[in-house]
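S.K.: So that we are looking at the same thing, I have put the structure below in structure tokens.
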Amino acid sequence: MIGALDTNPLVNGKGAQILRDHGVEVVTGILEQEARELNEVYFYYIRTGLPFITIKYAQSLDGRIATSRGDSRWISSEKGRRFAHRLRAQHDAIMVGIGTVLADDPLLTVRLVKGRNPLRICLDSHLRIPLNSQVLSDDGKTLIAIIDAHDIKKVEAIQRQGKEVLMVQEGANGRVELRSLMKVLAERGISSILVEGGTEVITALLKEGLANRMVVITAPLILGKGVEGIGDLGIIDVGRAIRPSSRKVKRIGEDIVFDLRF
């Protein structure tokens, strides 16, 4: 019995046919929807040629991912942070914008749970990343996506640290064109990306319809004025709101986790 056939054109239905040719009865479509949900990343990647993108962030009850001065450590609980590290381990790559690197200097590795470290991707259109950033200073794999390579010495310095600088297409907003970058990453075998900020990157992905999943960890605290997780999407009435196709809600420690699919 087969839940869902592999939609990869290289193998689609061939295994089942080999079994039938040898006299084995094959039944397909058993709990097919459930099987597809278990393998949602692979099916999306094969069907679209794009990575499956998960947006993840922690916020306060009033929707802030940082205070007005940029402090965000730590909004979520320790259990919430372990959950976030499990998400990292489940993805091929983790992506942030240069603003997050400049503000937080994150390491973007899996530390609080056992698991592999994903490829780290920084969207840095004009190569502003400091050479002593944590994502450049350790032995992990890092890719810096840029549109402007005028600073050749800095590019070479990053390459000497064992990191990659990738020139990509410029978008209409003068920054990295996200869909083009996603196609390049998919061609390299990156099937899933966890996006951990910042606000501009998250907003752009939602605007362009590139996000497949959103995981929002909501902590029981109020910050007042601060940094929003999502910026202006151009939505002027509730009827045009982005509505998830499925929703799961669970409690992790003190936090409430919303796990949404689009």
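S.K.: With 163, 154, 141 as the choices, which residue is touching a helix residue (DSSP H, G or I) at 6+ places or on another chain (Cβ under 6 Å), among the basic types (Lys, Arg) and modelled with pLDDT of 95 or more?
M.R.: When all the criteria are applied, what remains is 163.
Let's see how each residue does on (1) among the aliphatic types (A, V, I, L, M); (2) closer than 21 Å to residue 258 by Cβ; (3) touching a residue at least 60 places away in the same chain (Cβ under 8 Å):
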{"site": "60", "(1), (2), (3)": "no, yes, yes"}
{"site": "67", "(1), (2), (3)": "no, no, yes"}
{"site": "74", "(1), (2), (3)": "no, yes, no"}
{"site": "77", "(1), (2), (3)": "no, yes, yes"}
{"site": "82", "(1), (2), (3)": "no, yes, no"}
{"site": "102", "(1), (2), (3)": "yes, no, no"}
{"site": "141", "(1), (2), (3)": "no, no, no"}
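S.K.: Conditions first: (1) exposed (fewer than 14 other Cβ atoms within 10 Å of the Cβ); (2) part of a loop (DSSP other than H, G, I, E, B); (3) at pLDDT 95 or above. Residue 190 passes all but one, so which condition is the exception?
M.R.: (1)
S.K.: Quick check on residue 136: is it farther than 28 Å from residue 261 by Cβ, not polar (S, T, N, Q) and not in a loop (DSSP other than H, G, I, E, B)?
M.R.: Judged against the criteria, residue 136 is a match.
S.K.: Let me ask something else about it. Search the range 176-194 for residues that are farther than 21 Å from residue 87 by Cβ and in contact (Cβ under 8 Å) with a residue 12 or more places away in the chain and pair each with any residue that is acidic (Asp, Glu) and crowded, with 22+ Cβ neighbours inside 10 Å when their beta-carbon atoms are under 9 Å apart and the residues are at least 6 apart or on different chains.
M.R.: Going by the 9 Å Cβ cut-off, the qualifying pairs are 176/124.
S.K.: I'd like to check something: does the range 237-254 contain any residue that is in contact (Cβ under 8 Å) with a residue 12 or more places away in the chain and surrounded by 15 or more Cβ atoms within 10 Å (Cβ to Cβ)?
M.R.: Yes: one or more hits.
S.K.: Moving to a separate point now. I'd like to verify a number: residues in the range 56-95 that are of a type outside the set (Lys, Arg), touching a Pro at 6+ places or on another chain (Cβ under 7 Å) and buried (at least 16 other Cβ atoms within 10 Å of the Cβ), how many?
M.R.: Number satisfying all stated conditions: 4.
S.K.: Let me ask another. Residue 220 versus (1) touching a helix residue (DSSP H, G or I) at 6+ places or on another chain (Cβ under 9 Å); (2) in a loop (DSSP other than H, G, I, E, B): which is the lone unmet condition?
M.R.: Here residue 220 clears every test but (1).
S.K.: Checking residue 122 against (1) touching a residue at least 60 places away in the same chain (Cβ under 8 Å); (2) surrounded by 19 or more Cβ atoms within 10 Å (Cβ to Cβ); (3) touching a helix residue (DSSP H, G or I) at 6+ places or on another chain (Cβ under 9 Å), which single condition isn't satisfied?
M.R.: Of (1) touching a residue at least 60 places away in the same chain (Cβ under 8 Å); (2) surrounded by 19 or more Cβ atoms within 10 Å (Cβ to Cβ); (3) touching a helix residue (DSSP H, G or I) at 6+ places or on another chain (Cβ under 9 Å), only one is false for residue 122: (1).
S.K.: Additional query: Within the bounds of the range 203-223, is there any residue that is among the hydroxyl-bearing types (Ser, Thr, Tyr), over 27 Å from residue 43 (Cβ atoms), in the same structural domain as residue 68 (by TED's automatic domain parsing) and over 16 Å from the mean Cα position of the chain (by Cα)?
M.R.: Checked against the condition, which is being among the hydroxyl-bearing types (Ser, Thr, Tyr), over 27 Å from residue 43 (Cβ atoms), in the same structural domain as residue 68 (by TED's automatic domain parsing) and over 16 Å from the mean Cα position of the chain (by Cα), the range 203-223 yields at least one hit.
The values are calculated or read from the model by the stated rules, or taken from the named source; none is laboratory data. All values derive from a computational prediction rather than experimental measurement. Methodologically, a virtual Cβ is constructed for each residue, glycine included, from the backbone with ideal geometry; neighbour enumeration extends over all protein chains shown.
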